[in-house]
Amino acid sequence: MEKKTYTDNQAKLIQVKEVAKRTMPNLPYHNFEHVMDVYSVAKKYGPLNNLNEEDQFLLESAVLLHDIIYVPFAQDNEEKSMEFARTYLSGLDYSKEQINKIKGMILATKLPQRPLNLLEKIICDADLDNFGREDFFEKGNNFRNELGLPDNASWYEKTFQFISNHKYYTEPAKRLREKKEKENIQKLIRKIEEVQRC
């Protein structure tokens with residue numbers, strides 16, 4: 001059987017994925033499954049935005065580490081994840097320029113999102129991709145459980161306010177997710193009315 005050979009960047013990504021798997025918190029929402037969900041979306045959105053190989057590599061590296069440090073209700077998760085990425089990736093021979101781009105992408109996922117370039121826009125779209133998907137309510141329920149909040153009208157109203165102010169940044173995400181996001185907003189409105197009647 002022929003032994004599979006990896007490029008230098010592929011080998012680095014395998015190591016980054018392994019550290020994410022070992023280090024990610026095992027919370028109801030922020031866990032390795034979330035990272036791999038965002039990773040699979042980024043692998044799709046990168047080519048749809050015509051990223052070159054280097055930028056795709058940096059995007060995937062950032063995605064794998066964007067929630068590596070996550071404590072519910074903490075205000076500095078992204079900053080701590082950036083610091084982890086800086087230290088860890090330096091040891092894998094990522095250049096200073098590569099690390100700075102990755103740090104920028106991780107910080108861009110901090111809410112409210114403020115992406116400054118295409119890579120940052122793609123990671124933001126990938127991170128909140130589920131807003132425009134069928135599993136939006138399931139993921140939202142996992143996040144609510146993570147925060148220890150009750151399943152009540154207040155939760156759905158806050159979710160409604162948040163998703164109503166959300167926007168996708170890249171054309172592929174808009175094309176693929178905006179229609180379903182609007183449907184999810186309508187479902188949320190009905191859910192709020194239903195809960196208020198109880």
> Is segment 67-76 home to any residue that is crowded, with 18+ Cβ neighbours inside 10 Å, touching a residue at least 40 places away in the same chain (Cβ under 8 Å) and among the acidic types (D, E)?
Replying inline: yes
> Taking segment 36-58 as the region of interest, how many residues are loosely packed, with under 14 Cβ neighbours inside 10 Å and of a type in the set (D, E)?
Replying inline: 2
> Within segment 3-35, restricting attention to residues that are of a type in the set (K, R) and buried (at least 16 other Cβ atoms within 10 Å of the Cβ), which residue is nearest to Y70 (Cα to Cα)?
Replying inline: K17
> In the list N141, N145, N130, which residue meets the criterion of being surrounded by fewer than 18 Cβ atoms within 10 Å (Cβ to Cβ), in contact (Cβ under 8 Å) with a residue 12 or more places away in the chain and among the polar types (S, T, N, Q)?
Replying inline: N145
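Rule-based calculations on the coordinates, nothing more; no lab input. Just so it is clear, the structure is predicted and the values come from calculations on it, not from any experiment. We place every Cβ from the backbone using ideal geometry, glycine too, and count neighbours over all the protein chains shown.
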